[in-house]
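Can you keep this structure in mind? I'll have questions shortly.
The values are calculated or read from the model by the stated rules, or taken from the named source; none is laboratory data. Here the structure is a predicted model, which is why all the values come from computation and not from measurement. Cβ placement follows ideal geometry from the backbone for every residue including glycine, while neighbour counts extend to all protein chains displayed. Side chains are part of the model used for accessible areas, which takes the heavy atoms of the whole protein and leaves out ligands, DNA and RNA. Shrake-Rupley method; radii C 1.70, N 1.55, O 1.52, S 1.80 Å.
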Amino acid sequence: MQILDGKALSLKIKAKAKEDIKTLKAKGITPGLAVVVIGDDSASHTYVRMKEKACEEVGIYSIIHKMPDDISQDKILETIGMMNKNPNIDGILIQLPLPKHIDTTKVLQAVCEKKDVDGFHPFNVGKLVLNLDTFTPCTPLGVMKLLKAYKIEPKGLDVCIVGASNIVGKPMMNLLLNANASVDICHIYTKELKAHTKRADLLIVGVGRANLITKDMVKDGAIVIDIGINRLENGKLVGDVAYDEVSPKCSFITPVPGGVGPMTIAMLLENSIKAARSR
Ligand code: GUN
């Protein structure tokens with residue numbers, strides 16, 4: 001069993017990002033990222049702080065717009081409109097989830113496609129489906145980079161993705177399909193999850209339920225990617241896979257923490273640089 005070390009790979013990507021940003025700065029371009037975070041969801045604020053810190057480390061100018069939980073949709077749209085026009089801002093990220101009274105689709109659609117570093121705008125989602133160059137959502141893009149770094153070729157693999165979210169599962173499905181894998185995508189209405197997971201050469205899980213995937217659900221020699229992040233009552237951070245019992249069966253597995261999480265942030269830096277380059 002080999003660990004897919006997202007932490008180590010993300011450090012290499014960050015070092016390269018720092019160099020790329022130096023080159024851009026020499027041409028008079030400082031990449032700028034604006035992040036909007038609404039309400040007081042503590043996980044969202046933690047993620048935003050991590051993104052801000054990563055930007056600072058590599059030399060991306062970042063600005064965080066914190067808005068109260070009861071902010072009106074019009075005010076959010078007005079702020080996005082201002083950021084769309086601001087020439088110093090190359091990337092705009094709306095931290096999800098948004099409060100219930102806000103129409104998420106409307107907000108994501110308001111972000112200029114050229115500044116959509118999360119790849120959540122319907123225009124960019126469509127381009128991903130068609131396998132055209134676009135901004136790709138950071139978590140699934142990070143998984144693809146991790147596979148590539150360990151020379152894991154998706155072509156011809158039987159893949160099972162557990163979790164069909166717009167942020168992770170669906171873009172992951174499109175990336176792997178575009179890479180010629182056979183993709184099976186499961187969700188809360190899947191009748192017998194184990195029948196699907198057990199067949200997979202590559203099992204990718206991102207639903208947010210600790211110990212969802214146990215050893216009886218995993219094929220011998222499978223590659224397992226754990227995108228879940230769950231805080232147990234004792235404070236320990238774990239994924240969706242019961243790591244201790246599943247890892248001995250795997251050819252490769254991502255740890256939590258230190259697997260996909262750091263790759264997500266590294267991909268946000270890469271997408272921000274991509275946006276700045278097309279300024
Ligand atoms: N909420 C959970 N994951 C993400 C992400 O990758 N991007 C944004 N914007 N919000 C999230």
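I'd like the FRET efficiency for Lys25 and Ala149, computed as 1/(1 + (r/R0)^6) with the beta carbon distance as r and R0 of 25 Å, rounded to 0.05. Could the numbers behind the result be given before it?
Numbers: r = 27 Å, r/R0 = 1.08.
Efficiency at R0 = 25 Å is approximately 0.40.
Here's something else I'd like to know. Which of the aspartates and glutamates could a cross-linker bridge to Lys106, judged by Cα under 13 Å and excluding same-chain residues fewer than eight apart?
Correct list for Lys106: Asp74, Glu78.
In addition: Enumerate the residues in the range 220-261 having an amide nitrogen under 19 Å from the point lying 7 Å beyond the Cα of Ala8 toward its Cβ.
223-226, 247-248, 250-261
As an exercise, identify the trypsin sites (Lys or Arg not before Pro) in the range 75-147 lying in DSSP coil whose Cβ has no more than 14 other Cβ atoms within 10 Å. All intermediate terms of the calculation are to be shown ahead of the outcome.
On the way: sites: Lys75, Lys85, Lys100, Lys106, Lys114, Lys115, Lys127, Lys145; in loops: Lys100.
Those that pass, being in a loop and sparsely packed, are Lys100.
Simple spin-label model, 7 Å along Cα-to-Cβ: Ser251 to Thr105 in nm?
4.0 nm
Let me ask something else. Using the Cβ atoms and a cut-off under 10 Å, what net charge is assigned to the surroundings of Pro154, where Lys and Arg are +1 and Asp and Glu are -1? Please list the in-between numbers first.
Numbers: positive: Lys148, Lys155; negative: Glu153, Asp201.
Residues close to Pro154 contribute a combined charge of 0.
Mind listing which GluC sites (Glu not before Pro) in the range 222-279 are in a DSSP loop and have 16 or fewer other Cβ atoms within 10 Å? Please list the in-between numbers first.
Values: sites: Glu233, Glu245, Glu270; in loops: Glu233.
Counting only loop positions with at most 16 other Cβ atoms within 10 Å, the GluC sites (Glu not before Pro) in the range 222-279 are Glu233.
Probe radius 1.4 Å, ligands and nucleic acids left out: which of His65, His101 has the largest accessible area, and how do the rest follow? Don't skip to the answer; put the middle values down first.
Details: His65 50, His101 105 Å².
In descending accessible area the options line up as His101, His65.
Leaving out ligands, DNA and RNA, and with a 1.4 Å probe, what % of the accessible surface on the chain is carbon or sulfur? Mind showing how you got there, number by number?
Working: 7440 of 13780 Å².
Ligands and nucleic acids excluded, carbon and sulfur give 54 percent.
Next up: In whole Å, what is the distance between the alpha-carbon centres of the range 110-128 and the range 216-268?
Using only Cα atoms, the two centres lie 28 Å from each other.
Could you name the aspartates and glutamates in cross-link range of Lys51, using Cα to Cα under 17 Å and dropping any fewer than eight places away on the same chain?
Asp40, Asp41, Asp90, Asp116, Asp118, Glu270
What does the net charge come to around Leu11 if you take all other residues with beta carbon closer than 14 Å to its beta carbon, with K and R at +1 and D and E at -1? Provide the component values of the computation, followed by the final result.
On the way: positive: Lys7, Lys12, Lys14, Lys16, Lys18, Lys53, Lys145; negative: Asp5, Glu19, Glu57, Glu270.
Once all neighbours under 14 Å are counted, the net charge is +3.
Using a Gaussian network for the chain with springs between C-alpha atoms less than 10 Å apart, which of these wobbles most: Lys215, Lys27, Lys16?
In this elastic network of the chain, the residue with the biggest mean-square fluctuation among Lys215, Lys27, Lys16 is Lys27.
Go through Lys85/Lys170; Lys22/Lys155; Lys53/Lys236; Lys75/Lys100 and tell me which ones have a Cα-Cα distance over 27 Å in this structure. Show your work: numbers first, answer last.
Values: Lys85/Lys170 30 Å; Lys22/Lys155 36 Å; Lys53/Lys236 23 Å; Lys75/Lys100 15 Å.
Checking Cα-Cα distances, Lys85/Lys170; Lys22/Lys155 exceed 27 Å.
How much length is gained if the chain between Asn131 and Lys75 is pulled fully straight, taking 0.36 nm per residue apart and subtracting their Cα-Cα distance, in nm to one decimal?
Numbers: separation 56, 0.36 × 56 = 20.16 nm, distance 3.44 nm.
Going from the current span to full extension adds 16.7 nm.
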